[in-house]
Every structure is written in C-alpha cells, then in structure tokens.
Amino acid sequence: MSLTKVSFSMIEDTPANVQDFGAVGDGTTNDAAAIQAAIDSFGVNAGTVYFPQGSYLVGTAIDLTDKRGIRLVGTGALLISNNPGTRILWAGGAGSGSMLKAHGAVSIEIEHILFQYTNAAYNGNLLSFEKNARPSDPTGIHIHHCSFTGSAGVTSAARLIALAYTLDFTIEYSFLNYAAVGIGCTDTSNNAITIGNGMWFDKNFTDCAVKPRGSNWSFGNFVAESTPGANPLTTFLKIDTECTGLSFTNGILLDGGTGGGTLIDFSTGIAKGIVFNGTTLSATSGGTAVKLSDTLNQNSGFAAHGCNISGIDKGFDLGSCVGVDISGNNLNASSSAWLATNQIDFSIKNNNTYGLFCGSTIAVDGFIYVTSTGTGGNENGRKLVSVTVKSASFNETGIFAFNGSAGTTSVVSASANFNVTLGNAGTINVGYDAGPAAWKVQNKKSESITVSVTTLGAM
C-alpha cells in the first residue's frame, strides 16, 4: 500500500502555504508564480496565504486585484538580515510597476511580512491600493506588524504604499523607511485612513513620510524620528492638493536636523479641520513645527491641545488660517511659539509659552490679539508684558502692565513710538479691545512691523 503526500493547503480550512505551490524562499529563485498560485487557489473565496520563514524574490507583481478576504501572513518583519522572518524582495527597476497591487480589493489583511525593493533604479509604488477599472474601490485594508523599505541608502521608490480611491485603510505596528514618500496618494478620495498604534517612520524620505489626500485621516500613537545631523528637518507630512479632517493624537516627532525645515507642512495645499492632541514635536535646533498657508481660506479649523513643542525655532506658524484654537500646550520655541500673517477667529489661551508667545508681521493699520481677559495661565489675567517692535526704521521694546479683567493698560517703560490708546495715529498702540475682551497690538505707523510679545510675569 502506497502513501500519498498530503500538502498543508490540501487540509480543509487551512492556509495555503506558498511552499506547497513551489515557492523556495531562498532570495534568488523567482517565487512570483508560486505565490500567485497560492493566492488564486481560493478562487473567489476568502482565505489565508502563509509564507514560512524565508526571502521570497518576485519578478512580477503579486496580484490581489478584485480579491475578497485574502490574508497574507508571514513569520515576522525583522530588518536584521540574520534574524528569522518573512521577506518579499522586489528587484524591479525603473518602470517595473508595483511589487503588490490590490486594485479594487476588499477586506485584505497583510501581517508579519517585510517588503523590500533592492534596485536603486526602481521608481514605482511598492504596494498599490487603487481603484480598479470596473470601477471598484479598495476597501477594508488592514496592514500590521510589517516593514516597508529599500536597501540602505536607496530612496528611489516614488511611494512605499500608494493609495487612490481607498476607503477604510488601516496600518499599525509597522515600519517605513527609504523612499521619496512613505504613504502617499496617486489620486483623490482616500477616506477613513488610519495610521495607528505603533507606527514608526524613519528619517530616509526625500520628500516626506506621509502625503495625504481625501478626508478623515487619523494619526495615533506614532513615532517619526531622524538621526542627529547637519541636514534640515525631515518633513513628516505634507499636503500637495486637498485633505479635510486630519487628527494627530499622542504622536512623537523627534528630529535631529538643524538649519531650517518644517516637521508638518500644510502650506502647499488645502487642509481643513486639523486637530493635534497630546503630540510632541521636537528638534535639535531651528526649523518650524507646523506651518500653515499664508493664503487666506486655504487652511481653516486648526486646534492644538495638550501638545509639547521644544528645541525648535518656530512652533505654530499659522499663516492666514481661519479659526484657530490653541490651549493647554507647552510651547517652548526659540523665536516664536506661534505667529500668524492674519488673525481671523483666533483663540489662544492658557498655554505655558515659556515667555515668548507671539511673533507676527503686522501691516499698516493691522493688528494682532496677544492675550485675553481672565484670571489664570500665562496668557490671561494681570501681568507684565514686553512688546518688541522691529521695522525698517526702528527696533524698540516697550513694557506694559495689563490689569486683568479690569481691561486697563498702563506704560511701565516705553518710548513715544508706543501708546496705550487704540486708534491713536502714528504710534504702535497696545491696548484693550472690549469687543473680543482681549488686548491687542495695533500698527498705526506708516510701515509694516514685526512684533513679538514676551510675558515677564504676573502682577
């Protein structure tokens, strides 16, 4: 009586083991056909494709187009070559397309796999989640405990993960490094995107780590870190077209670069509904934590609560954002904790600003609000403040006393270029505006000025 070999995948309700379909996993054999056969073995049904420990070289794309309920499962996504785990290697060069495409796929899960490109000429999107021609949008994508990277020093890939018309996409507990963009979009309408717990973005992105388009992008419990060096700050996120509804919760952005740069840049696109909660933005020196557009109405609805900014030149560069709520933060910036080009519907209060809390350019007949009526916090209540004004013709500092809820202002030390009566012609006026119940600095000189305000202490 002879025995028949039974493969792992032949057992009912068990995963399809790629090695049962001929995959070798030695890093040199092209395993693309075997991997695809394992995926296709489920037909239109859901199923799990298992990758035992090994390095699986693929020369053509792993195709999940229109698949439903497919799981790709490895044994680990470790970056150290002599440690066990599952790697899928892509040797494609310029114009070779994607290692994995999931166009129109639904309910796809990928876990414990390292995806790596090795050709310095490769310029594509390593993993692609895009609308299929049917049309059908990729929906319900979940990636966790994976790594996406080039080889050391190779950053030629356009994107490690590309999205277009993607709905309900989640990535967590994963690592991204070495590309122009980590997670980016090739088209609009990417909605309900979660970049969640345990995400780690390293420094090696020539453009930025994340470039969103669409609506409702959520970032939570993530880390982006750059090694100390002489280069400008690495931009974590950049808007290139339009995104509505972005939230950052408990993130840590640490950058060792110097000499300028911006950690999060909203200035080059339309971004509305931006919320930071409990996020740390820190740099060795120089640069800007968050920058918004100077174009009116391009950015709107910005809020920051419980955040920490340190070691940086400028904190929140608010530009001409409409609707700002900044409260309960630690804002330690060497130049300006916050600054703005225009102030429309601003509320900035109860922050620990380590002295300097405003630096802004004010046109002729323009003004900025610098503090509100109240009884507590660095920006409220009775206090002494220093107002420094710079222009093409003068550079002076005046010291004033704000008498809390009484709404009065008195001069402690100031030249004739200052006045405590709003509307006074030919001077820089520091006074109380009863309408919004706030003090403001008003420019009634004949030239544009730059103003910074420093809290000297409570009265």
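The values are calculated or read from the model by the stated rules, or taken from the named source; none is laboratory data. This is a predicted model, so every value here is computed, not measured. Neighbour counts run over all protein chains shown; Cβ positions are idealised from the backbone, glycine included.
Before moving on, here are some points about what is shown:
- Restricting LEU237, LEU163, LEU246, LEU253 to residues that are within 21 Å of GLN116 (Cβ to Cβ), out of contact with any Asp or Glu (no Cβ under 6 Å at 6 or more places or on another chain) and either assigned by TED's automatic domain parsing to the domain that holds THR65 or buried (at least 21 other Cβ atoms within 10 Å of the Cβ) (or both) narrows the list to LEU163.
- The residues on offer are VAL370, VAL385, VAL322, VAL364, and the sole one that is more than 25 Å from GLY245 (Cβ to Cβ) and at pLDDT 85 or above is VAL364.
- Scan of the range 390-419 for residues that are of a type in the set (Ser, Thr, Tyr), assigned to a loop (DSSP other than H, G, I, E, B) and loosely packed, with under 15 Cβ neighbours inside 10 Å, ordered by number: SER393, THR408, SER415
- Residues of the range 199-218 satisfying the condition of being under 24 Å from VAL154 (Cα atoms) and either among the hydroxyl-bearing types (Ser, Thr, Tyr) or not in a strand (DSSP E or B) (or both): MET199, ASP202, LYS203, ASN204, THR206, PRO212
- Within the range 420-459, the residues that satisfy the criterion of being over 24 Å from ASN352 (Cα atoms), in a strand (DSSP E or B) and of a type in the set (A, V, I, L, M, F, W, C) are ILE428, ILE449.
- The range 250-261 residues that are in contact (Cβ under 8 Å) with a residue 12 or more places away in the chain, paired with ones that are in a loop (DSSP other than H, G, I, E, B) and of a type in the set (A, V, I, L, M, F, W, C) (beta carbon under 6 Å, 6 or more apart): GLY251/PHE222; LEU253/PHE236; ASP255/LEU233; GLY257/LEU233; GLY261/LEU233
Residues are listed down the side, and each one gets a yes or a no for (1) touching a Cys at 6+ places or on another chain (Cβ under 8 Å); (2) at pLDDT below 90:
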| residue | (1), (2) |
| --- | --- |
| THR14 | no, yes |
| ASN17 | no, no |
| GLY25 | no, no |
| ALA37 | no, no |
| ARG71 | no, no |
| HIS112 | yes, no |
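- Residue under evaluation GLY328, criteria (1) of a type in the set (Gly, Ala, Ser); (2) touching a Cys at 6+ places or on another chain (Cβ under 9 Å); (3) touching a residue at least 24 places away in the same chain (Cβ under 8 Å), criterion not met: (3)
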